[in-house]
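Encoded as structure tokens, the structure appears first; notes follow it.
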Amino acid sequence: MTIARSRQISLQDTHYYHVVSRCVRRAFLCGEDAHSGQSYEHRRQWVVDKLGQLSRLFAIGVCAYSVMSNHYHLVLKVEPDTAASWSEREVAERWVALFQWPLLVRRWYQGESLIEPELAVVQQLIAEWRERLHSISWFVRLLNENLARQANREDNCKGHFWEGRFKSQALLTGSALLACMAYVDLNPIRAALADRPELSDYTSIKQRLNQPPTTDTLPPLLLPFASQDKPDGLPYAFADYLTLVDWTGRAIRAGKRGHIPAHLAPILQRLGLDEVRWLKQVMLFRRQGIRVVGDRDHCQQFARHCGQRRCHQPSL
């Protein structure tokens, strides 16, 4: 049964969400179509380029992403306080980078005198735009609409390009966030498209490893990991995350948990997990129908805030 998006997102519980959107047609979003032999590999760059634009205009940060053959994954952080800090002029500038100016707003922006009812309309529009500029639904809508138009134009066809609505999962704890980011960054490895993170094309982890970018394209603006210079970044050190992802990828490829290196144990201890539960949590994101990931208390609180009677919490 379809659940309203407003009952799947609760910013008072978490600002972090995992988003998945899948292509509906047999023709792939990216990669090579096995039936026709035609390559759609260039479309991966479409996704990355549009993410680059949206991540600079919205108050939504990109924690992780991967672009696969018929779907993509995003881990997003909604930042309503950032949107609230923008002036009305900055909100207007960001919105019209995506849409045409309404005439009345253009007149206001250019400093023309407006009567009180006109000014009220302008302020109402800007308030709506401010809300939309930190909305996951609007972020994904603009990403998907742009990709669908380009793909339909290239395929010389019409109709739906995406498989219904995008899927979202609330990430309620630090371990859920870290596990989801690792899951997303390891998608090409799990699909046997690469054998190490630095070779995983069109992923956030490769972008982080290759910074600064070596092309003229505008990559997604990734949220930084915590450091002395950026104490408000993602709550982990990048070196720790990279090592943990590398070990997890090796365990997934081998099809067994193996033994976690001693220097990784403190990271998992901080998350309250051992190596078995860590791998279970990473692979949890493969399962269908899970909209919330976190411990039982956080999940039940999330359900109450979203008007749900209970929250399905998979066992780890």
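Below is a table of values for the structure above.
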read-out: Computed E for Leu193/Ser137 - FRET, C-beta separation, R0 30 angstrom, nearest 0.05; value: 0.50
read-out: Chain lengthening between Leu103 and Val276 when straightened (0.36 nm per residue, less Cα-Cα); value: 56.4 nm
read-out: Using a Förster distance of 45 Å, the FRET efficiency for Arg89-Asp155 (Cβ separation, nearest 0.05); value: 0.65
read-out: By average C-beta atoms within 10 angstrom, highest first, the peptides 149-155, 62-68, 199-205; value: 62-68, 199-205, 149-155
read-out: ³J(HN,Hα), Karplus 6.51/-1.76/1.60, whole Hz, each residue of the stretch 134-144, x for Gly, Pro; value: 10, 9, 4, 4, 5, 4, 5, 4, 5, 5, 6
read-out: Dipole magnitude of the stretch 90-132 about its Cα centre (Cβ charges: Lys, Arg +1; Asp, Glu -1), debye to nearest 20; value: 140
read-out: Net charge, Phe58 excluded, C-beta distance under 9 Å - Lys, Arg +1, Asp, Glu -1; value: +2
read-out: Positive-end residue, the stretch 90-132 charge dipole about Cα centroid, Cβ charges, pick of Gln110, Val96, Ala127; value: Val96
read-out: Compactness of the stretch 90-132 as Cα Rg over 2.2 N^0.38 Å, two decimals; value: 1.07
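Throughout, read-outs are computed from the coordinates displayed, never taken from laboratory work. Not measured: the values here are computed from a predicted model. When we count neighbours, we look across all protein chains shown, and the Cβ atoms used for this are built from the backbone with ideal geometry, even at glycine.
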